[in-house]
């Protein structure tokens, strides 16, 4: 079983994905779909991060209840009332075990230092070539796998955040 860290952005075309109301996330990018299908299964955790006001934040996580693929679950995906209904693969989060953070977790160097598998190179920050946000964003643009101990650390620090 694998766990993921997924970056999302607010889009100007009003495409809402992930959808934190319905606990859905869908993707159609071939590279990302492959990682989701090979990594995520019921019982996995998927953490979502974004940036706002020149800072990065982890804003939510889903405890994965189901993973749907168009190939096997086309009717179910088509019936979704979210923007994920157009995607090749859809993650459905558990209502009881997923969390939308009222107080997002700063996704900064302190947090990254506890997520060693991200293997972020801070040399460009130290040399003044990039900001901390640019370095984190560049390193986590694609979906990233998380180790079990990193998931436990994230769950612990997110416990009292809403």
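The values are calculated or read from the model by the stated rules, or taken from the named source; none is laboratory data. The shown structure was predicted, so the numbers you read here are calculated from the model rather than taken from an experiment. Methodologically, a virtual Cβ is constructed for each residue, glycine included, from the backbone with ideal geometry; neighbour enumeration extends over all protein chains shown.
Scan region 86-118 residue by residue and report those that are in contact with a helix residue (DSSP H, G or I) (Cβ under 8 Å, 6 or more places away or on another chain) and exposed (fewer than 15 other Cβ atoms within 10 Å of the Cβ).
108, 109, 114, 116, 117
Criterion first (without any contact (Cβ under 8 Å) to a residue 60 or more places away in the chain and part of a loop (DSSP other than H, G, I, E, B)) does residue 129 satisfy it?
Yes, satisfied.
For residue 105, which of the numbered conditions (1) under 19 Å from residue 141 (Cα atoms); (2) touching a residue at least 24 places away in the same chain (Cβ under 8 Å); (3) in a loop (DSSP other than H, G, I, E, B) fails to hold?
So the condition that residue 105 fails would be (3).
Please enumerate the residues belonging to region 20-46 that are surrounded by 14 or more Cβ atoms within 10 Å (Cβ to Cβ), more than 12 Å from residue 2 (Cβ to Cβ) and touching a residue at least 24 places away in the same chain (Cβ under 8 Å).
Across region 20-46, the qualifying residues are 20, 22, 23, 24, 25, 26, 27, 32, 33.
So which of 71, 76 ends up being in a helix (DSSP H, G or I), in contact with a strand residue (DSSP E or B) (Cβ under 8 Å, 6 or more places away or on another chain) and more than 16 Å from residue 48 (Cα to Cα)?
Answer to the check: 76.
Would it be correct to say that residue 103 is more than 16 Å from the chain's Cα centre (by Cα), at pLDDT 95 or above and farther than 25 Å from residue 14 by Cβ?
Yes.
Could you please find all residues in region 110-126 being touching a residue at least 24 places away in the same chain (Cβ under 8 Å) and in a helix (DSSP H, G or I)?
Correct list: 111, 112, 116, 117, 118.
Among what's in region 2-19 and is in contact with a strand residue (DSSP E or B) (Cβ under 9 Å, 6 or more places away or on another chain) and surrounded by fewer than 20 Cβ atoms within 10 Å (Cβ to Cβ), pick the residue that is nearest to residue 150 (Cα to Cα).
Checked region 2-19; the qualifying residue nearest to residue 150 (Cα to Cα) is 2.
Would you mention how many residues in region 132-152 are closer than 23 Å to residue 53 by Cβ and either in a helix (DSSP H, G or I) or without any contact (Cβ under 8 Å) to a residue 12 or more places away in the chain (or both)?
Going through region 132-152 one residue at a time, the tally reaches 8.
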